[in-house]
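To keep things clear, I will list the structure first and then write my remarks on it.
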Amino acid sequence: MGLITLSLQEIARLPVTERHQLLAPFIAATAEYFLTDPELTEFSVLDGEDWENNEPN
């Protein structure tokens, strides 16, 4: 996989299909990190608990 050499602004100007093709591997890797890294998994679970709690604090 090649390195991204475009700026965020340049990526944002790409057509959606090109943007998706460029970013898809990075999104998949980020999702994998959240599933396998203990610190990120714990953060994700704790953050999700806040969203599931509908009771006022």
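The values are calculated or read from the model by the stated rules, or taken from the named source; none is laboratory data. Small disclaimer: the values here were computed from a predicted structure and weren't measured. Note that we place each Cβ from the backbone using ideal geometry, even for glycine, and neighbour counts take in every protein chain shown.
From the residues in the stretch 1-34 that are in contact with a helix residue (DSSP H, G or I) (Cβ under 7 Å, 6 or more places away or on another chain) and at pLDDT below 85, which one is surrounded by the fewest Cβ atoms within 10 Å (Cβ to Cβ)?
Looking at residues that are in contact with a helix residue (DSSP H, G or I) (Cβ under 7 Å, 6 or more places away or on another chain) and at pLDDT below 85, I get MET1.
Which pairs have Cβ atoms under 8 Å, sit 6 or more apart or on different chains, and link a residue in the stretch 29-41 that is in a helix (DSSP H, G or I) to one that is of a type in the set (Gly, Ala, Ser)?
Once the first residue is in a helix (DSSP H, G or I) and sits in the stretch 29-41, its partners that are of a type in the set (Gly, Ala, Ser) give PHE34/SER44.
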